[in-house]
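So the structure is just underneath, and the comments pick up after that.
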Amino acid sequence: MSGTQPRSEEPGLVVLSNRLPVSRVGNKWQTSAGGLVTALLPLVSTRPTSWVGWDGGSHKLPEKLPGTDAGLVGVGLSRADVKAYYDGFSNATLWPLFHDLVGTPEFQRSWWEAYQRVNRSFAEAALKTGEELSSPTYWVQDYQLMLVPQLLRAGTDAPVRYFLHIPFPAPELFARLPWRDQLLRGLLGADTVSFHTEHYRRNFVRACALLLTDVTVRGRDIVLEDGRVVHTQANPISIDTTDFAEDARSEEVTGRLQRLRRQFAGRRVLLGVDRLDYTKGIPERLLAFERLLEDREDLHGRVCLVQIAVPSRGDVEEYQRLRDLVDQLVGRINGRFTRPGEDVPVHYFHRGVAREDLLAYYLLADLMLVTPLKDGMNLVAKEFVTVQHAALSARSATEGAGALVLSEFTGAADEMPQAYLCNPFDLDGVSAVMATALSAAPEERRRRLDLLARRVRRHDIHAWAERELDQ
Ligand code: ADP
Ligand code: F6P
């Protein structure tokens, strides 16, 4: 274990997440990408904080999160536990089960045993570091740690909050899990269990009512046999809109955008930015783009798709299959539609990009394609509208604005009805929505973007955190 905070009288915070928010690049540590990290970063500087997470096999973690006073507490995992707890139970059992079976969940008892063991290690590390803080609140993140609230509850009277960053499935699907009761009881150790949407919250409450005989549902509360009350709420996660808007106007981003504009001159750009995950609907998106090119010869040489996909969970089989499939589809589409001497229709990057480049791509895009088959929230959608909106005043009215094509099956769709909504399973439908959004009048695109960006700004990351913590 590494460093924690010197004791201060201010109320402390112990954050628990599977991954610590740092990664090693060369011989330097830097804060890492991902929805959860992006979301929590602005918050950890506001109070004495310890962040507990998997040390990723490194015994030389920095004591503090770079640029902040937040302590980092690493939990070491054996290779076997990483395979069984992370690749196995978290990402080959829970992940597909909670994403409406868009992948096939595997149920293995040895994975479940590892999950219990690792959740115990996280809870022990958190309780230990919590003792060094004054009046700590424990804030547990996501599906990798669903047993932790109950384990903490057994060791402290301090407030315990839990936030699920992925969907909670319909009880009928959840009920397939052999260890379903244990997971529900794990979560019910928290004082508050939060979800992105009302729909996920209701699924959870229905699962409790259906599967646990000793609890009573009272409105948004679940009352346990011993009288303890667990509150549930919907609180959609968001982004630091001020930060994104400022960065979008920076010289660095403007410079990169100008370079990209020269490189993609004469073409309208459709953009996808995701982890390479089968829930994100990348093959389906490619197929819809292929359909668009099949149907609209007039667009050949005039549109292209830039797909940026960060490698993710490469040791899990379904992710390896996905990588092969995407390689194959990109090759097929480029093979079919590239014209002699011209640029390819699909630009595919199998890597993450620096924040400045990401923002420049957001600004470049005519259409942002956020088309997951299922996604708890999707921050890319919120980042895109925020960044595009920040640049709106500098553009002429005839230039229009980027349009967001958004899957109905994302949590973000609840808050973003002005996006061009689509059903990602309907290839013709998605292709038609792409065509509609491409041909929308500039004023219409600006009108939609304005409403979307305002809504994201009203419920930004600070509003989210306030609801999570200041109760
Ligand atoms: P998830 O949490 O499932 O990864 P989200 O869309 O909610 O999905 O969050 C993804 C986060 O990772 C966003 O903040 C986004 O900016 C970042 N990200 C996604 N893809 C890339 C990429 N290719 N390069 C850099 N950052 C990325
Ligand atoms: O949002 C779901 C989530 O699993 C987060 O917990 C995590 O930060 C992100 O996706 C990336 O996943 P992983 O840590 O497995 O690479």
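If you scan the range 60-79, which residues turn out to be part of a loop (DSSP other than H, G, I, E, B) and not hydrophobic (A, V, I, L, M, F, W, C)? It would help to see each step written out before you state the result.
To start, the set of residues in the range 60-79 that are part of a loop (DSSP other than H, G, I, E, B) comprises 60-63, 65-70, 76-78.
Those that are part of a loop (DSSP other than H, G, I, E, B) and not hydrophobic (A, V, I, L, M, F, W, C): Lys60, Pro62, Glu63, Pro66, Gly67, Thr68, Asp69, Gly76, Ser78.
Please pick out the residue among Ala401, Ala390, Ala381 that is under 24 Å from Pro283 (Cα atoms), out of contact with any Cys (no Cβ under 9 Å at 6 or more places or on another chain), of a type outside the set (S, T, N, Q) and in the same structural domain as Gly301 (by TED's automatic domain parsing).
Criteria check complete, one pass: Ala381.
Name the residue that is surrounded by the most Cβ atoms within 10 Å (Cβ to Cβ), counting only residues in the range 345-379 that are assigned to a loop (DSSP other than H, G, I, E, B) and more than 11 Å from ligand 1 (Cβ to nearest atom). Break it down stepwise before answering.
As a first pass, look at the range 345-379 and keep what is assigned to a loop (DSSP other than H, G, I, E, B): 345, 350-354, 365-366, 371-374, 376-378.
Subsequent filtering for residues that are more than 11 Å from ligand 1 (Cβ to nearest atom) retains 345, 365-366, 371, 373.
Working: Pro345: 25, Ala365: 24, Asp366: 19, Thr371: 28, Leu373: 22.
Once the filter is applied, the top-ranked residue is Thr371.
Among the residues of the range 380-399, is there at least one that is at pLDDT 95 or above, in a helix (DSSP H, G or I) and among the charged types (D, E, K, R)?
So far as the range 380-399 goes, yes, one or more of its residues are at pLDDT 95 or above, in a helix (DSSP H, G or I) and among the charged types (D, E, K, R).
Out of all the residues in the range 80-138, which are more than 15 Å from ligand 2 (Cβ to nearest atom), under 27 Å from Arg467 (Cβ atoms) and in a helix (DSSP H, G or I)?
Across the range 80-138, the qualifying residues are Ala123, Ala125, Ala126, Leu127, Thr129, Gly130.
Could you list all residues from the range 226-277 that are away from ligand 1 (no atom under 16 Å from the Cβ), among the polar types (S, T, N, Q) and buried (at least 21 other Cβ atoms within 10 Å of the Cβ)?
Within the range 226-277, Thr232 is the sole residue that qualifies.
Can you say whether Arg201 is touching a Phe, Trp or Tyr at 6+ places or on another chain (Cβ under 7 Å) and either part of a helix (DSSP H, G or I) or not polar (S, T, N, Q) (or both), as far as the supplied structure shows?
Numbers: touching a Phe, Trp or Tyr at 6+ places or on another chain (Cβ under 7 Å): yes; either part of a helix (DSSP H, G or I) or not polar (S, T, N, Q) (or both): yes.
For Arg201, the condition - touching a Phe, Trp or Tyr at 6+ places or on another chain (Cβ under 7 Å) and either part of a helix (DSSP H, G or I) or not polar (S, T, N, Q) (or both) - is met.
If you take the residues of the range 1-59 that are assigned to a loop (DSSP other than H, G, I, E, B) and under 28 Å from Ala381 (Cβ atoms), which of them is modelled with the highest pLDDT?
It comes out as Leu20.
Going by what's in this entry, would Asp460 be described as acidic (Asp, Glu), surrounded by 16 or more Cβ atoms within 10 Å (Cβ to Cβ) and out of contact with any His (no Cβ under 7 Å at 6 or more places or on another chain)?
yes
In the range 289-318, what count of residues is obtained for those that are surrounded by 15 or more Cβ atoms within 10 Å (Cβ to Cβ), within 16 Å of ligand 2 (Cβ to nearest atom) and either of a type in the set (A, V, I, L, M) or outside any helix (DSSP H, G or I) (or both)?
6
Of Leu177, Leu211, which residue is more than 16 Å from ligand 2 (Cβ to nearest atom), more than 25 Å from Ala465 (Cα to Cα) and touching an Asp or Glu at 6+ places or on another chain (Cβ under 8 Å)?
After ruling out the rest, the residue left standing is Leu211.
Taking the range 319-374, which residues are among the hydroxyl-bearing types (Ser, Thr, Tyr) and either within 16 Å of ligand 2 (Cβ to nearest atom) or within 16 Å of Glu290 (Cα to Cα) (or both)?
Tyr319, Thr338, Tyr348, Thr371
Report, by residue number, each residue of the range 139-174 that is part of a helix (DSSP H, G or I) and either touching a strand residue (DSSP E or B) at 6+ places or on another chain (Cβ under 7 Å) or of a type in the set (S, T, N, Q) (or both). Break it down into steps so the answer makes sense when it comes.
Initially, the range 139-174 is screened for residues part of a helix (DSSP H, G or I), giving 143-145, 148-153, 171-174.
Within the range 139-174, Gln144, Leu145, Val148, Pro149, Gln150, Leu152, Arg153 meet the criteria.
If you check Gln182 against the conditions, is it out of contact with any Gly (no Cβ under 6 Å at 6 or more places or on another chain) and within 16 Å of ligand 1 (Cβ to nearest atom)?
Details: out of contact with any Gly (no Cβ under 6 Å at 6 or more places or on another chain): yes; within 16 Å of ligand 1 (Cβ to nearest atom): no.
No; evaluated as a whole, the condition is false for this residue.
Can you tell me which residue among Ala84, Ala92, Ala70, Ala80 is in contact with a helix residue (DSSP H, G or I) (Cβ under 8 Å, 6 or more places away or on another chain) and over 29 Å from Met377 (Cα atoms)?
Ala80
Taking the range 396-439, which residues are hydroxyl-bearing (Ser, Thr, Tyr) and more than 22 Å from the chain's Cα centre (by Cα)?
Correct list: Ser396, Thr398, Ser431, Thr436, Ser439.
Of the residues that make up the range 148-163, is at least one touching a Lys or Arg at 6+ places or on another chain (Cβ under 9 Å), within 16 Å of ligand 1 (Cβ to nearest atom) and modelled with pLDDT of 95 or more?
no
Considering only the range 85-104, I want to know if a residue exists there that is closer than 19 Å to His165 by Cβ, at pLDDT below 95 and more than 16 Å from ligand 1 (Cβ to nearest atom).
no
Would you kindly identify the strands (runs of 3 or more DSSP E) lying entirely within the range 205-279 that contain at least 1 residues that are of a type in the set (Ser, Thr, Tyr)?
The qualifying strands (runs of 3 or more DSSP E) are 216-218, 229-234.
In the range 305-320, what residues are within 15 Å of ligand 1 (Cβ to nearest atom) and farther than 16 Å from Pro283 by Cα?
Those that are within 15 Å of ligand 1 (Cβ to nearest atom) and farther than 16 Å from Pro283 by Cα: Arg313, Gly314, Val316.
I need the full set of residues from the range 155-172 which are buried (at least 17 other Cβ atoms within 10 Å of the Cβ) and closer than 25 Å to Thr410 by Cβ, in order please.
Arg161, Tyr162, Phe163, Leu164, His165, Ile166, Pro167, Phe168, Pro169, Pro171
Find all pairs meeting these conditions: Cβ atoms under 7 angstrom apart; at least six residues apart or on different chains; first residue within the range 371-396 and over 20 Å from Val430 (Cβ atoms); second residue part of a helix (DSSP H, G or I) and among the hydroxyl-bearing types (Ser, Thr, Tyr).
Hits for this filter: Leu379/Thr38; Glu383/Tyr362; Thr386/Thr241; Val387/Tyr362; Gln388/Tyr362.
The values are calculated or read from the model by the stated rules, or taken from the named source; none is laboratory data. Values in this document were obtained by computation on a predicted structure and should not be read as measured data. As a convention, Cβ positions derive from the backbone with ideal geometry for all residues, glycine included, and neighbour counts pool all protein chains shown.
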